[in-house]
1. When segment 306-317 is examined, which residues are found to be free of Cβ contacts under 8 Å to residues at least 12 places away in the same chain and in a loop (DSSP other than H, G, I, E, B)?
2. Applying the selection to segment 240-257, what residues are closer than 25 Å to Val147 by Cβ and part of a helix (DSSP H, G or I)?
3. Scan segment 293-305 and give yes if some residue there is in contact (Cβ under 8 Å) with a residue 40 or more places away in the chain and part of a helix (DSSP H, G or I), otherwise no.
4. I'd like the residue in segment 62-112 that is buried (at least 18 other Cβ atoms within 10 Å of the Cβ) and small (Gly, Ala, Ser) and, out of all such residues, is farthest from Lys290 (Cα to Cα).
5. Gly101 fails exactly one of the following numbered conditions: (1) assigned to a loop (DSSP other than H, G, I, E, B); (2) among the small types (Gly, Ala, Ser); (3) under 29 Å from Asp281 (Cβ atoms); (4) touching a residue at least 12 places away in the same chain (Cβ under 8 Å). What is the number of that condition?
6. Please identify the pairs in which a residue from segment 265-287 that is touching a residue at least 60 places away in the same chain (Cβ under 8 Å) and under 20 Å from Tyr188 (Cα atoms) has its Cβ atom under 6 Å from the Cβ atom of a residue that is assigned to a helix (DSSP H, G or I) and of a type in the set (Gly, Ala, Ser), counting only partners at least 6 apart or on another chain.
7. If you take just the helices (runs of 4 or more DSSP H) that sit entirely in segment 124-235, which of them hold at least 3 residues that are in contact (Cβ under 8 Å) with a residue 12 or more places away in the chain and under 15 Å from the mean Cα position of the chain (by Cα)?
8. Criterion first (within 19 Å of Val123 (Cα to Cα) and among the β-branched types (Val, Ile, Thr)) does Ile55 satisfy it?
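No lab work stands behind these numbers, since they all come straight from the coordinates. Please read all numbers here as calculations on a predicted model, not as lab measurements. Methodologically, a virtual Cβ is constructed for each residue, glycine included, from the backbone with ideal geometry; neighbour enumeration extends over all protein chains shown.
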Amino acid sequence: MALKLYTQDDIHTHLLSNKKIAILGFGAQGKAQAQNLKDSGLDVKIALREDSPSIKSAQELGFEVLNIEQSVKECDILAFLLPDEWHKEVFCSISPYLQEGQVLLFSHGFSIVVGEIIPPSFVDVILVAPKGAGRAVRSEYLEGRGVVSLIGVHQDFSHHAQDIALEYACALGSGKSAIFQSSFKDEYECDLFSEQSVICGGLEALIRAGFETLTQAGYPQEVAYFECLHEAKIVMDLIYAKGIAYMREHISNTAEYGDILAGERIINAQVKEEMKAILRDIQEGKFAKKFIQEREEGFSTLQKERKILQDSQIEKTGKQMRGLMPWVTQF
């Protein structure tokens, strides 16, 4: 099913011109969105806890910083650009001060879809989800372009929620590329599925398994690192820029033939069934329940797994190899 696509030529309202926007949080995404909105001529404030280490950074970039309670009292649009695990706590602290006609804006559907936030009926609730990290959101804007964004409307009290979402996405720069009509549910479920099965969980596990297979077979760690991790970027860059078919056309015949033979052995029927099961866990709320429990336990599993990964051989080898290639350490 094709999604409805908008560009800046489809936007004919000016609803944001007299609105004050509060960006709650000043991490990579919050910082990028705030700068783009400001450079697009909008009135942007940064809402932070009074002890936040980001206050100085925001002020140095010329932003007025408010505490979170002030932002609710003074601003029309409240953009929740905090980590998902903070949304519920922050919302509970501001909900007594919400005013009729305000807009709650999210760039990820988690807290709305799983019910961590249940907004009052007298506010708009919209999604504007740039499909790029904060660094890309900002750099593309500075180049006169913009990353693609998804928009959605969960609650339309004002009857202008759709137009507000479009204007906000356009102010981020997305109107110069594409703004797709979506929904909180689709964004949430597809985003989590891709993170777990493909771009994070799947890719990371595949790289580590490849490295372990080669080293356990007696091959040098340095060679295994280059072949299974370092060169993954070379192939991914081709796919990212031109697609899978283009990638196949620009690798060797040996590599392409091996791709055809081995691909279905790695991603076999059993793996595909596991991917379907992962999607069901997301759709049925099982993952969200586990994540919320993990949060309540102080993210003990995350901390343990981070330590295990930091101490792993692939990380030790990678640190040595990247030290020989200073041009790759750009983050």
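1. Of segment 306-317, the ones free of Cβ contacts under 8 Å to residues at least 12 places away in the same chain are 306-311, 315-316.
Result: Asp311, single match.
2. Tyr240, Ala241, Lys242, Ile244, Ala245, Tyr246, Met247
3. Looking for residues that are in contact (Cβ under 8 Å) with a residue 40 or more places away in the chain and part of a helix (DSSP H, G or I), one finds at least one in segment 293-305, hence yes.
4. Top of the filtered list is Ser71.
5. (3)
6. Sorted first by the residue in segment 265-287, then by its partner, the pairs are Met275/Ser197; Ile278/Ser197.
7. Numbers: elements: 134-142, 161-171, 184-194, 201-216, 221-225.
Because the criterion is at least 3 residues that are in contact (Cβ under 8 Å) with a residue 12 or more places away in the chain and under 15 Å from the mean Cα position of the chain (by Cα), the helices (runs of 4 or more DSSP H) in segment 124-235 that meet it are 134-142, 184-194.
8. Details: within 19 Å of Val123 (Cα to Cα): no; among the β-branched types (Val, Ile, Thr): yes.
No; evaluated as a whole, the condition is false for this residue.
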